[in-house]
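Notes follow once the structure below has been shown.
The values are calculated or read from the model by the stated rules, or taken from the named source; none is laboratory data. Everything numeric in this text was worked out from a predicted model, so none of it was measured. Neighbour counts are summed over all protein chains in view; Cβ atoms, including those assigned to glycine, are modelled from backbone coordinates with ideal geometry. Keep in mind that these areas ignore ligands, DNA and RNA; they rest on the heavy atoms of the full protein, side chains included. Shrake-Rupley method; radii C 1.70, N 1.55, O 1.52, S 1.80 Å.
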Amino acid sequence: MKFYFFIFLTAFRICFPRDFYSLSCFDGRIYVLDGFDKQIFVFDEDGTITEKIDLKNISQSGYFDHFIQYDKYLSYVTDAAGKTVYLLDENYRLKKSSDIVLAENSGIFRHIFPSAYNSIILASEDGTSIYRLTNNILKKIISSDKPFRDFFFSAAKIYVLFEGSLSVYNSEGVFLKSVNTDLKYNYIYAENDLVLAGSVEKFTLFDMKERKSAEFTAEKDSQAFILSGKLFLFFPGSSHIKRIMNE
């Protein structure tokens with residue numbers, strides 16, 4: 001029975017690899033979280049694995065959704081189904097956890113973003129609300145009748161991807177500007193004023209400061225992201241990372 005269960009899990013992960021992996025970047029390093037095995041693979045900018053981090057002792061929950069590093073001493077990992085955010089120390093050991101209870105009784109979105117010391121930006125699972133959690137005090141800062149597809153926080157700005165548009169807010173949730181998008185994007189990734197909106201077929205790099213954009217064809221089963229102003233592709237099924245020559 002255990003053998004057949006293992007075969008089932010392996011086949012399930014091959015068919016749905018994006019359900020089990022998430023990535024983030026910090027200080028020139030790329031962190032790929034295998035949420036099913038609760039393990040982080042750390043890559044350098046050449047796509048070489050430099051470290052493996054085991055998070056199995058953090059929680060008995062079945063799955064982690066997202067890992068993100070705040071500084072050299074603090075990082076976060078999210079269990080969206082369990083509505084819990086874990087704060088880790090410099091050795092990736094549990095420091096404390098916060099159970100998230102939203103006003104609309106919704107689950108939490110799969111990833112969160114630290115915005116300051118002891119403060120994070122998070123969202124509701126249904127994509128209609130974005131919150132700031134500071135010292136365990138929850139405050140709604142963005143509300144929308146139209147659900148977003150993805151959101152990202154970078155350089156004190158919140159980027160929210162809707163169908164047909166990309167909106168920008170400051171860290172307090174004040175609307176700044178919006179860019180219309182003709183394509184149906186599924187995810188975004190941002191670094192300073194560079195914002196990448198992607199789908200399974202193609203992705204677009206928006207330079208919000210220079211007000212220009214460039215389109216790229218996406219490779220099969222890949223997700224694009226930005227690190228140090230450069231474009232990369234992540235292939236979840238193989239945990240392979242590839243640099244795109246975009247200069």
Original post:
How would you order 75-84, 88-97 from highest to lowest mean count of nearby Cβ atoms within 10 Å?
Top reply: 75-84, 88-97
Original post:
Picking from Ser124, Ser22, Ser143, which is most flexible by a Gaussian network model of the chain using Cα springs under 10 Å?
Top reply: Ser143
Subject >> Amide hydrogen neighbours beyond the local backbone of Ala123, cut-off 5 Å, H modeled >> reply: Phe109, Tyr131
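With every protein chain left in place, what is the accessible area per residue of the chain in square angstrom, probe 1.4 Å?
Result: 52 Å² of accessible area for each residue.
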Subject >> Shape call, segment 106-199: gyration tensor on alpha carbons, a/c limit 1.5 >> reply: prolate
Original post:
Say a paramagnetic label sat at a point 7 Å from the Cα of Val42, along Cα to Cβ; which residues of segment 52-78 have their backbone N under 16 Å from it?
Top reply: 52-56, 67-77
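Please compute the net charge surrounding Phe109, taking Lys and Arg as +1 and Asp and Glu as -1 over other residues with Cβ under 13 Å from its Cβ.
Local net charge: -3.
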**OP:** Specify the inter-centroid distance of segment 115-194 and segment 62-92, based on alpha-carbon positions, in whole Å.
**Re:** 19
Original post:
Among residues other than Phe152 whose Cβ falls under 14 Å from its Cβ, what is the net charge (Lys/Arg +1, Asp/Glu -1)?
Top reply: 0
Original post:
So what is the relative contact order of segment 131-247, in percent, for Cα pairs below 8 Å that sit 6 or more residues apart?
Top reply: 13
Original post:
Top mean-square fluctuation among Glu104, Glu215, Glu45, Gaussian network model of the chain, C-alpha springs under 10 Å?
Top reply: Glu104
Original post:
What percentage of the solvent-accessible surface of the chain, computed with a 1.4 Å probe over protein heavy atoms, is contributed by carbon and sulfur atoms?
Top reply: 51
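By the gyration tensor of its Cα atoms, with a ≥ b ≥ c the square roots of the eigenvalues, what is the shape of the chain: rounded for a/c under 1.5, prolate for a/b over b/c, or oblate?
Verdict is rounded for the chain.
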Original post:
For the chain, modelled as a GNM with alpha-carbon contacts under 10 angstrom, which of Tyr73, Tyr86, Tyr63 fluctuates the most?
Top reply: Tyr73
Original post:
Among residues other than Lys139 whose Cβ falls under 13 Å from its Cβ, what is the net charge (Lys/Arg +1, Asp/Glu -1)?
Top reply: +1
